[in-house]
């Protein structure tokens with residue numbers, strides 16, 4: 001289930017639905033599940049008369065990033081997430097995760 005912020009009293013930019021977190025259990029890791037959840041968010045935004053859906057995406061999660069591109073999403077704002085020290089193995093490039101670590 002995605003965690004979405006909607007205006008006016010949230011982190012969502014004016015006129016936008018903002019997905020703060022969307023993560024699919026690794027046992028259910030299929031792009032079609034991500035497509036379905038994004039479709040639901042897009043429908044929610046449309047029902048709220050919002051013009052945009054804003055989704056945080058880290059290109060490390062390559063499958064999730066590619067799914068967004070397939071749906072017509074594009075880069076609007078770029079941030080860099082840097083790591084130092086031991087590389088934990090809890091992340092996998094095929095994980096279907098969209099999150100905002102800010």
query = Does residue 19 count as in contact (Cβ under 8 Å) with a residue 12 or more places away in the chain, touching a helix residue (DSSP H, G or I) at 6+ places or on another chain (Cβ under 7 Å) and either part of a loop (DSSP other than H, G, I, E, B) or under 27 Å from residue 90 (Cα atoms) (or both)?
reply = yes
ask   = In this structure, does residue 1 turn out to be in contact with a helix residue (DSSP H, G or I) (Cβ under 9 Å, 6 or more places away or on another chain) and modelled with pLDDT under 90?
value = yes
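For (1) assigned to a loop (DSSP other than H, G, I, E, B); (2) at pLDDT below 90; (3) under 20 Å from residue 28 (Cβ atoms), each residue gets a yes or a no:
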| position | (1), (2), (3) |
| --- | --- |
| 65 | no, no, yes |
| 73 | yes, no, no |
| 87 | yes, yes, no |
| 92 | yes, yes, yes |
query = Among the numbered criteria (1) modelled with pLDDT under 90; (2) surrounded by fewer than 12 Cβ atoms within 10 Å (Cβ to Cβ), which single criterion is violated by residue 32?
reply = (1)
request  = Search the stretch 23-36 for residues that are without any contact (Cβ under 8 Å) to a residue 12 or more places away in the chain and pair each with any residue that is in a helix (DSSP H, G or I) when their beta-carbon atoms are under 8 Å apart and the residues are at least 6 apart or on different chains.
outcome  = none
query = Are any residues in the stretch 37-60 more than 20 Å from residue 100 (Cα to Cα) and assigned to a loop (DSSP other than H, G, I, E, B), and if so, which ones?
reply = 48, 49, 50, 51
note = Exception for residue 40 within (1) at pLDDT 95 or above; (2) surrounded by 15 or more Cβ atoms within 10 Å (Cβ to Cβ); (3) under 12 Å from residue 4 (Cα atoms) falls at (2)
message = Among the residues in the stretch 9-16, are any touching a strand residue (DSSP E or B) at 6+ places or on another chain (Cβ under 9 Å), free of Cβ contacts under 8 Å to residues at least 40 places away in the same chain, at negative phi and part of a strand (DSSP E or B)?
response = yes
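The values are calculated or read from the model by the stated rules, or taken from the named source; none is laboratory data. Everything numeric in this text was worked out from a predicted model, so none of it was measured. Virtual Cβ from ideal backbone geometry, glycine too; neighbours counted across all protein chains shown.
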